[in-house]
Structures are given as structure tokens and as C-alpha cells.
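Values in this text are rule-based calculations from the coordinates and carry no lab data. None of these values were measured; they are calculated from a predicted model. We place every Cβ from the backbone using ideal geometry, glycine too, and count neighbours over all the protein chains shown.
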């Protein structure tokens, strides 16, 4: 059983709960036992890929026509929640595959490309990645330098991307570049001449995830690999999908450290009684429970807004910003509750705490989402 | 229009929204223009009483049989929200009448007493009050000293209550006392021998509310004025009702200071531009908007839980604690945004800030609700 | 005895401690007994003026030649600390007289003017005020509109000032205006044609202080009343003096609410024991003690830096910003510790809390000082 | 140059500054280039030991008679500051050697033992460790189970210690056990029969430190290895020494992340300008600068109190609690400022953040020090 202070289980459908429970079992059985060793080694557990595919975790919202599950936003969110209860890296893998690769291919690629890529992405034969961020353009992707030039047979791509989850592993990369000054998307296939994707090393976070650079040097892209979308709204539409999943995912990480804190505080004895009986410990548990419960309400509502066609990007900024923030603060408090034991890999605290530092930064930093909401309130942009 | 980031208006019924809008208009037209002068003078605006009665603000959930409106929890909550958008003192007046007087009379009094009191309380002819807190027993009402002794014709009451909203004004007091060691309720009518209710002076908060002591010196209570309820669950059931209204009410205060902050920041020019364009101002507005929006979600859900018979006292502790806390912090931030102007009575900031200090303390302090939730999480009481 | 965790008393000189103790006695005997009634009435206790003069509280740092005490910065700071332990309004009165009126007259006026004004300001015969802030120029005084034009016999002053402590009471106003586009100071005497100083009403803060507008309509100022200083550095030099006193003063307010909290928590019994024995109460007391103690260290050091000629304006920004902030947060926590009693005027909590809202805003808001320090760190101004 | 807002360099002696500068150079040249790889590998850089010894970093306060430097508290603090600017693990190594091993041997061992151990500990031939904490007695060491029984030739030791820095490396362990119910100290030499010290694995913090269990199974200790001290005051006196160094050390970690943040924010361009020009970034930098500066003042003062014989254990609790707390919060803010780059080992942010989680917990957790100070204020212990 998991934290459900507000009885949200009465609002989720049976199907949604079924998906959540099956992913939860998968995480308990397949991810939790092995994740710390991958975290330490800095490797992604590749043998999970076929299993995740089999569970339908790739293409959750993708049409069944292309091998997806055709499920709703909420189902997607709950699946991400459970994956991130396991580890943010595993959830990131699924976020990229679902929201940053399969979504734009389904939304913006030709029928031919959809048929070529989506089924293989759905069954885990192919891994995808998403190339937007550049070394000097993190919070301001519109300033990107990566450039496409029209040629007779297609496009010539030059530039570099950074912080690309799964880049080194990917069979296909959704890459955003400027063509005649306008942002456009391209599908860049592994092995394309002039394309390389070296792994970035030295991470203290998401260590069970592969993070890469993408380098394009006169990389030739066929005409048919261009996506049918122009402008920043292309990548932003993908980010909206992914951020929604992150908002649910962060709840999973938060619930993991909360659950561990409740258990630990009830069994750890100091001064002759469980530390759960101390006011200073209860205060921390109550903070975590309260903030997670409000985050659950907010994520639930935004999922329903999505499903009813009423969600705005600002709703997603709200829940991404809020839920990652309360997750990271929960991990901090959980560390205090676990005392010295909290630094050991027997408990999931430090791993989640470190992972969430990346999650807080990627797909719009905390401060960038603050300013998105600030603009929504005031009508005035204060980014620069 | 008011803050509704999550489109909750799509979830409220038309009837609920109608009640909210009518109270909102009432507050705008009748309360806001006069409340600062009452606050300054330390008086309750008595001429509002018949108007509030006419609007159905007394007995909102009380059965129509006894003159009430028979509305649901959510309607009650929204009415309290709007009243407290005006002033916490006016909302407190209504909270007491509805939840602490009419509720226990309807729930625990004889049919005769219901007929005697409820219609007059509903039409504003009678004002009620609720005597639970004692000078030395605030957070721990079970320790009360006020004592009832059975006599031939009824009961002899001795003791003193403190911090009683409307005590001096009240025609009938719902008073809790120990009879043979068990807490029981009594209806004490104005003018009963041995009963006095002097006003408490020197308040820096809820100055537009009358706060009183209740003093019982061999006060004779007829048998029929005893409520049919034993134990702490009697007063606690009333507090659950009232706290729910407070949780919605605090949102009203928070929305008042937020709305004023948005308006002010967009019109106040410094360094050649609206202060709404500064990141440090946007950060404050976003904090307020986010926390109020989550508080709205939580209050909405708990109202529905109540209506579906699933609300627990801990749900109410959650929203009372959370919503008052974010309201008081919002008032603090609003003060910063309003600069020097924020200390003037042209703006509602300081009045709400001061009022909320009482609201934070009464009906369970912030810390007491923390420990109620801590016990809910851990199974261990840490009050003492 | 008062909070001195770090044994700073070993570092203060005997003379400094003597001044502090005598002001402390004065506050205990003369201010605390009457201040709540003045706060309520919205009046300054004028009968304190001769007593304060007699104690040497006007012109503490002013040369003895002109009737001052010729004491050092630290002595001045400690005197302000003790006055604000009483009430921020009384401290504000002294701040204005010392730092904003007597300081600029001594620093920038002619010998004749010094002789004319300083002895009377020192003995309390004259009250002064300081006119810098304008309705539309709070955080950005350099944008002021008030204007002086040279005439044959002197200057013609036009414009308006706002938020002027003691304006209505003042015999002489130090007024800053633009002359040929450059900021210059003028001594404007009470009764000067074209000069009026109506009181501002409706304050919820510093209610025991007189706050005024200053209005200049073709107001004729004699040549000799012009100060010998040009540019924003004139008023800023005064503000540096005053802010230093505010930083010490805020410690006085913080110590007042802390001392009351310690006393209250040790005597207030709930659940059968003093509330001081609860972890949630101790946590609040420790927060207050820690922050006040660090604020004391910082104020002490900056005083010594001043005395050694090493203080920079940023040092003063630091301690003004920090100490007012921790004072206001201490008042908030003190309110929780005092429970319902904390809203009564028997305790100094709400009065200090409300006063500190003004103190936080005037002489550079919290955020403005943040940005002053931010510029100091980064070399980049981010005000606009 | 390093952060010195309050010109504390004017207060440190030339000798103190010389020690600080030499350790700073050592850290820059010897530790920073290699520490991330040791952190990743989970190893302590053993080749630093002779270099640290040569620099006089072992036995800083120990009498020169026994090979120490005979320096004062402040010098010791500044050395720890600089070491922890490098890495908390290296500082921990030095803390243990100095305060937890050499201090108690000098204070409580026989002349013979002093001569036997101190010179070798000073020159780095010997490494020491300190065994107090047990698996079930972290915050409450007085409850320890480890037990000594008197035998003809000495003592028989049984029990287990946990979380022992340098345990596996140590040539001599200062071990606290109960003898006839009273806590006493023993020097347990490496290789003693019945004594083993396996390393603890799986740490996410202080990874460049060796952390061990100590296991005593009928371990025979000669009579002369018993320390001449009884009761909890023995180990507590050592902890007071060590905590003082930690308080200075945490400033080093905080200064490292602050310095990196200032540099990064001035060079990182987003939206066409350095991020140091954004208000939200300046606010974070100002927070860090302010809190570090206050922490510096507090550490400086407590050092001087120590040197003047006026320091109380509560002073040390204050600075340990405060400085570690602000360091950990600074690391969190530094992470935000560094954006995605902040998770890389090119920057010291994540390593310090993770290390400080141990530092916050060991030698008295944050909450335990809160309650120590709470007892100091109220006279009431609230630990249990």
C-alpha cells in the first residue's frame, strides 16, 4: 500500500490502477534489487528493455495501430510514477522513448516513418533519443546554433547537442535544428555519416542513465526524415508530454523516500522508543505527507485537464516545478530521519536525492518554470 | 474573477457557484467598505447580522425544517471563503453560528430545543456562542475544569471559558462541562442567573470580532438544556464542521492578499517599469498562486469526501493547518510586494495578516494539527 | 539580563554598556508601561521627548560642541537596540533625529546653521525630519521629482515627499531636491511659506509614530539653508548612519519577543507540563536564539568596522537586511509560542510584528538590500 | 582570495593566516586534483598521509613535546576549514587523528602511552580511530552495550562499534566501553586478539573516507591501555574538540560551493547575459554569502572563547549545527546555479552536498544539537 491520504484511488479508473499496480510489481521485482549496483557502476540496466517493452511501457499513449497501448495521460503518469519510485534513470528512459521520441514521430512524421520506427520503438528493438539542448543553450533553446541546410537529396546537419539521455544507445534521434532560421525536427538514424554520440562521464546523478553528446559534422539527412513541424512549438509540445510524466514520476521518488522514512522511524529505537514518537520526527513526516498529497492532487487534476483538452503548458510547468521541488525536499528530510543509515545504499534516500538534482534541472529548471508561471500571472516575461 | 488556476469552476455545481457569487457580491458591497473602520474601533458590524441572515448565511447546512438552507459542505465552504475574503472576524461570526451552535443543537438537542433555537439562530434574531476553551486548557480541552453537578431540576454549572467568539453578544451558549467526569454539552441562555460574559479587550487580531469570557457561578441549567452527547467527541464533532469552513475561509483571505498583490505589482512603477516585471516579485506571486491553488484543490477534495461520507478528522486537520499556514505566509509576501503602501488600510494586507494569527491558533493550533497528522502517520501520539 | 549567548558583554566597553543599561531602564520604566495605549490611539508619546533629550538620546554621535554626546557608533547602536526593545516608533523617532537630521546638519551645513539647529535638536526643543522618499520613488530615490530653482535670495522648492517620520511634528526638515538636475539638500523650517506637512492616517504599523507628507508649493528657502553636498551620496550617507541604528534596533525588537517567548513557554502549562518541554517549542526558541545571536555578532562587528573606518555601505545593507528579517520571523514564531495570548496587548508580540513590517520596508527594502549585496558579489547591478 | 565579507582577516593573527594559507595551497595542489577519482572509487588517498603529517596537520594542538604543533584552537579550525574546502573525508581523517585520538591520549593516557603513541600519530606512522557509536546507540551514546570486564592482567572487551572513520586503517583505536556500568576509555592496538575492523561498504557520502565497524570478541586489553577518565564526559570532551573543527570545516565546504557559484554565474551566459545578472541568481548568492559570513563570525568567536577558557559545549553545538546546516543549504543552491553542469565532477557541488549529509549526522545530529540548545535555553531536556 502506498500513501493515498485523499483517497484518490476512488477517482482513478480500474484500468489506470491496474497499470499502476503492474508497474509497481515490476519495479519491486526487477528494478529495486539491481538498481544500486547499476547506479554505482554508472550503467543502464539494458536487460530491462525487453521486459519494459513487454509490459507496454514504450508507447503508452501511442496508438495501438503503431504498436502502442493507446492509454490515457493518467495511465502514462501513473506508470512514470511507479518507474521513478524505482529510479529516476529508468523513468527517464521511458520518458524519452514515450514522450520525446514516439510522440513527435506519431505527431509530426510521415506515415512511412511512423511505420518504420514506432513499432520497433514500442517493442524495444529500437531505442530513441531527443536532441534539443546545446552546451550554451539550456534554458533558452530558441537560441540553438545547430543548423540544417537544404541539399538536393535532403539536408546537411551541423552542430552539437548535450545532456542527451540515451544518446549513445539510440537507434534514432529526434534532433531539432535551424533551417533558414526556423526550428525544425529531423530523424537522425544511428550510423548516419557525420553523426556520433559519445557518452558523457563524471555524473553524480542519474548514474544509471546514459547521457550523451550528439555531434553532427556535415551529417546527411534524407528528405523523408524531416518532421512536419516548424518553430519552437515542435520541441515544446514534446516537452509538455514529458514534463507531465516527470511530475508524476517525482511523486514516485518522493513516495519512495517517504515510505522508507515511515518504516524506519517506527522501527528505529533511540532513547528507548521509536524515533517516530519524537515531535521533531513527526514534523518531518507530516511535511512530506502533506506536500506529497498535494502534489498527488495536482498531478491527478492536470491529467484530467489533459484528457479533457483543457491543460495548458502552465499547468504542466506547475506540477513539474512543484512535484520535483517537494520530492527533493522530502529526500533531504528523509536523510535526517534515517540518521547515519540514510547514507547507505540499503536505503533509497541518497540515490533519489542525487537523481532529483538532474530532474529539477532538465526539461525546464525550477526557476524557468517559476518565470513561466510569473508571466502567466502578470502578463510580463521576466526571463532576461 | 478570482484565482482558479486548476479550473475548479468546472467541478463546482451551478448551485455552489451561485452561493459563492452571491456572498462575494455581499462582501464587496457590504463588508469591504466598512470593515477597516470596525477593525480600528474594535467592533463587530452588527447591522450585517440581519443581512447575513437574509442571505441564508446562518444555518447553511441546517435542515430547512428548522430554517436552514440544507446546503452541502462545499457550499458552506465557499460561503466561508467569500466571507473571509472580506474579514476573518465576519467569517468567524458565521462559523460559530453555523458549525458551533446550530450544528450541535440540530445534532444533539431535543426536538423542543431545536424548534426553540434553530429558527431564531437562522434568521439572526438569536446569536450563539460556543464555550469549550478554558484559560489553562487550550490545546488540551479534555482537561477542562468547568463542572456540572446534577440537581433536582437540572444542573449547577461552575467554571470559566475564554476566547469565546460572540460570547458577549450571544443569546445562547453551547457550553461544555464535566458531569461526573464526563464531558457533556449544555445550552446556556443569556440572562441565566450566575452566567456572565464580559468582553476581552486589548486584541491585536480579529479586532472586528467580539471575544469574551464566559463565567459560570452556580449557574442553574434546566434539564432540557442538556445535549444528548457524552465525551470529547461532542465538541470535536462541532470543531470538525467549523475547521472545514476555516480551511475554505483561509483561502478567501489568501486570495484577497494575492489579488491585491497582482493588481498592485502591475500598476506600481519603480525603475521605470511595473514591479511585476522583476524576478523577485514574480517569485513571490508564483509562490502565492501555487500554494493557494493547491489549497483550493485540497479543500475541494475534502468537501467531496465529506459529502461522500469519507472525510476523517485528519482530512480536516490537513486543510485547516495547510490553508491557514499558506494564507499567513501569503500575507507576509503580499506585504513585501506592496512596499510601504502595504501597511495602510487602503490595502487589506495587514488586517488579514493580523487576523490570521488568531485563525492559526484557534480550533487547533498549527502544531496541534501537525501532531494529529503525525499520529495518523505513525500510530503514535506525541502531544505530551 | 538579556540574551548574550556569545558573551559579547566581554567585548563592549564599560561606557557602551552603561549607555545600554541606562536606556534599558528608561525603556522599562517610561516606554513599556504606556506604549500600547499610544499604539492603539495612533499617537507618539510626546512627553518622552524631553526625557529622551535629557538622557542624551538626541545627538549621540554629534560633537559635544553642538550639544551632542560625541559617543561612538556602537554606543549609538546599543541605544537604538534598547529603544526598539521598547517600540520601533520610539527608535524611529531617535533614528531620524540623530542620523537623518543632526548628522547631515553637522556634516553638510554651515557653521551658522549648525549653531542654530544642533543644540536645540539635542535638547529636544526642536524636532527634525528627513524628506527623501516620494510617492512614486521609493526604492529608486534618484528619480525624485521635487525640484529647486535658484532665485535671487535663495531657492524655490516644489514637490512632495511621503512616508516622512515626524514630518508633522518637525521644526526643521532636511529635504532633498533636484537643483539643475543634481540632488541637493535644504533645511526647510516649520512655518516657511508654501510648506505644509499633513499627517498620513490609516497605518497598521508604527502606530505610535507620526508619519507625514511634506508638500512644497513655491516654497522659498534662503540661500544659507542649502546644504553643502551634491548628488545621491548626500542622502545615502545619512541612510548609512540610520540603517546601522536600525540593524541594532531590530535586535532589540527580536530580543523583546524572544525574552517573552522564553518566559511564557516556561510558565505556560499544557498537557501537564511547561510547553518549553515540547520539542516543537524548543525548535522555535533555538531558531530565535541562534538567529538573534548571529545578528548580534554581525552588528557588533560592523560597529567596530565603522569605528575603524572600514565599514562599507554593503556592511550596513547586510546587517539591516539580516537583522530586520530575523526579527520579523522571530515575532512570527513568538506568536505561535504564545498561543492565543500572543494576540493580546499584554504581550509585545503583535505590536513588534506589525512595526517590523515598516522597518523591513523603509531605508531600503529587504529586496533592495539583497540586490545591493548581489551587485557587491557579482559586480552586476540587477535592480531594473 | 576567499570570502571575507567582515574583514576577519584583520582579526586573525599572522601565524593563524600562515597556517590557513599553507593548508589552502596543499589542498589546491594535492587534494583537488585527485579527490573526485578517490570519491568515485571509494578510497582514501593514503599517499596524502605523510604529506599531511609533514605539514603538521596531525597534532595541531598537541604539545610539541609529543611531536605536535602546540597551536591554538583557531589555527586548528582554519586548518580544518581548508581541508574541508578540499573534501569532508580528508578533513574527517584529520579531525579523528587530532581531536578524537591524539587529544584523549594526551589528556587521559599515561605518560608511557603518550610517548608510545603521540609521536607516531603526529608523524603519520600511526593512524588512529575513535570507537564510541554503536549500531543501536547513535544519538544516545550513554546507552552503549560494549562492555569491559576486569581480569588479572587487564580487561576483556566485548561489543561492537559502527560508523568508525579510519577503523580499518587504524593502528590504535580509542574505544569507549562500560566497566562496572561506568563508561571508560581504552586504547586498543591493531592486531590485538579478538579485535577486527571490517570496512562498511555501500556509502553514498564521504566516499573518500574509510568507515568501519569495530568488533570486540573477548578482546584482551592490557591494564596500561586504560584511559584515566570515567563517565560520558570522557568521550564528550573529545567530541567538543572535534565538533569545533567540523564547524570550521563546514565553512570550507560552503566556501567551495559558493566560490564555484560566483565564478560560474559570472561566466555562464543565458539569454545573452551572465546568469549572475538575474535577480533569482543573485538572491541565491546573497543567501550563501550572508549565511557563510555569519557562520565565519560565529566560528571565529567560539575559537576565541575556547582560547580564553570561556567556551561551553553549547557554543560548539551552536556552530556545528549552524555551519553544517548552512553549508548543506548552500550546496543545494549552488546546484541550481550551476544548472546541469552542477551534477558533473568538474564542479565540486554534488560531492560536497553528499559528504555534508554525513557531517550533518555525525558528532551529534542537527536535531540533537537543537535539543542541546533547547535545554540550554529552557533548562528542560526534551530528548526523550
Mind checking which chain A residue has its Cβ closest to the axis relating A to C, and how many whole Å off it is?
-> A:279, 2
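Run the numbers on segment A:234-378 and let me know its relative contact order in percent, using alpha-carbon pairs under 8 Å that are six or more apart.
Details: 151 pairs, mean separation 46.9, N = 145.
Normalised by residue count, the contact order of segment A:234-378 is 32 percent.
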Euclidean distance of C-alpha centroids, segment A:325-384 and segment C:89-136, integer Å | 51
Using a Gaussian network model of chain B with C-alpha springs under 10 Å, which one of B:336, B:325, B:180 is most mobile by mean-square fluctuation?
-> B:180
When the scattering of segment A:167-206 is computed by the Debye formula from its Cα atoms alone, each counted once and equally, what is log10 I(q)/I(0) at q = 0.32 Å⁻¹?
-> -1.07
Residue mean of other protein chain beta carbons inside 10 Å, B:286-298 | 5
Other-copy label distances relative to residue C:47, 7 angstrom Cα-Cβ extension, nm = 3.8, 8.3, 9.0
Label-point separation (nm) for residue B:9 and residue B:218, each offset 7 Å from Cα along Cα-to-Cβ?
-> 6.3
Cα-based convex hull, segment C:150-291, per residue volume (Å³, whole number) | 144
Segment A:302-322 and segment B:154-177: distance between their alpha carbon centers, rounded to Å | 50
Report, to the nearest 10°, how far helix D:366-378 tilts away from the longest principal axis of the Cα atoms in chain D, using its own Cα long axis and a range of 0 to 90°.
-> 80
What share of Cα pairs, in percent, lie more than 13 angstrom apart in segment B:64-119?
-> 62
In the Gaussian network model of chain B, springs joining C-alpha atoms below 10 Å, which of B:174, B:149, B:210 carries the largest mean-square fluctuation?
-> B:149
Just order D:123-133, B:259-269 by mean Cβ neighbour count inside 10 Å, highest at the front, would you?
-> D:123-133, B:259-269
Rounded to the nearest 10 degrees, the helix B:32-41 long axis (Cα) sits at an angle to the longest Cα principal axis of chain B of 60
Calculated on alpha-carbon atoms, Rg and Dmax of segment C:10-53 in Å | 13.3, 41
Taking the label point 7 Å from Cα along the Cα-Cβ vector, the copy-to-copy distances for residue C:217, listed from shortest in nm with one decimal, are 6.1, 7.9, 9.9
Can you tell me the alpha carbon radius of gyration of segment B:8-122 divided by the globular rule-of-thumb value 2.2 N^0.38 Å?
-> 1.08
Per the Kirkwood formula over distinct C-alpha pairs, the hydrodynamic radius of chain A in angstrom is 21.2
Of B:120, B:320, B:161, the one that fluctuates the most in a GNM where chain B has Cα springs shorter than 10 Å = B:120
Using the scaling law 2.2 N^0.38 Å as the reference, what is the normalised Cα Rg of the protein assembly as shown?
-> 0.96
In units of 2.2 N^0.38 Å, the Cα radius of gyration of segment D:47-92 is 1.12
For segment B:254-346, taking Cα atoms only, what is the radius of gyration to one decimal and the Dmax to the nearest whole Å?
-> 16.1, 55
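Please sort D:184-193, B:339-348, D:163-172 by packing, taking for each peptide the average over its residues of neighbouring beta carbons within 10 angstrom, highest first.
Top to bottom by mean Cβ count within 10 Å: D:163-172, B:339-348, D:184-193.
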With viscosity set to 1.002 mPa s and temperature to 20 °C, compute the Stokes-Einstein D of segment C:252-301, Rh being the Kirkwood radius across alpha carbon pairs; µm²/s, no decimals.
-> 185
Rounded to the nearest 10, the angle in degrees between the Cα long axis of helix A:313-337 and the longest principal axis of the Cα atoms of chain A comes to 40
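Only helical DSSP H runs with n ≥ 4 go in: add -39500 (n - 2.57) per run for chain A, normalise by residue count and round the 222 nm mean residue ellipticity to 500 deg cm²/dmol. Intermediate values should be presented prior to the final figure.
On the way: 12 runs with 185 residues, N = 384.
Helices in chain A give a 222 nm mean residue ellipticity of -16000 deg cm²/dmol.
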If you build the Cα gyration tensor of segment D:230-384 and take the root of 5 times each eigenvalue, what three semi-axes come out, in whole angstrom, biggest first?
-> 34, 15, 13
Shortest-first distances to equivalent copies, position residue A:312, nm, label 7 Å out along Cβ | 3.6, 4.4, 5.7
Go from 0 up to the bin containing the longest alpha carbon distance in segment C:128-229, width 5 Å each, and give me the % of pairs per bin.
-> 3, 14, 26, 26, 18, 9, 4, 1, 0
